[in-house]
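The block underneath contains the structure these notes are about, expressed in structure tokens.
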Amino acid sequence: MIIELQFQEIYYAKYNIMRFKALVHVRLRGSVSDAAGNAVMKNTHMVAPNLKPHLLRIGKAIDFWFDADTEEIAREEMDLLSDRMLSNTVIEDWEYKLEETEETGIGDISNDNAGTSKHHLFDQ
């Protein structure tokens, strides 16, 4: 593993490749009915009885780690990917936050199935 990481560092330095992390948010447009969001909102009182919901919309959050030669190329390609694959532009809008990183994404992802949630409902 250490040798592999050293090789990657040398490779990225030699070929001037940049590593990025994008967090893409995809949301239904306001004019589109959100049946799933409405169903969840109507049942929030079962878990959080003191909250009085006004609106709840469900969307997608996509974490994406990748390499690109430049930030300009990364943004151009992310625009295409977000528009053509990650969203349905007829009913959804998208936006993303792009940052240069040294992370690979491997081992940096947490999910409740792995027992990494900070919520007591997932305590074992």
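Observations on the structure shown:
- Relative exposure of Met46, Met78, judged by other C-beta atoms within 10 Å (fewest first): Met46, Met78
- Sites matching GluC sites (Glu not before Pro) across region 57-108 that sit in DSSP coil, with at most 16 neighbouring C-beta atoms within 10 Å: Glu102, Glu103
- Cβ-based exposure ranking for Lys21, Lys97, in which fewest neighbours within 10 Å come first: Lys97, Lys21
No lab work stands behind these numbers, since they all come straight from the coordinates. Owing to the predicted nature of the structure, the values given are computational and were not obtained by experimental measurement. Using ideal geometry, Cβ is built from the backbone for each residue, glycine included, and neighbour counts are taken over all protein chains shown.
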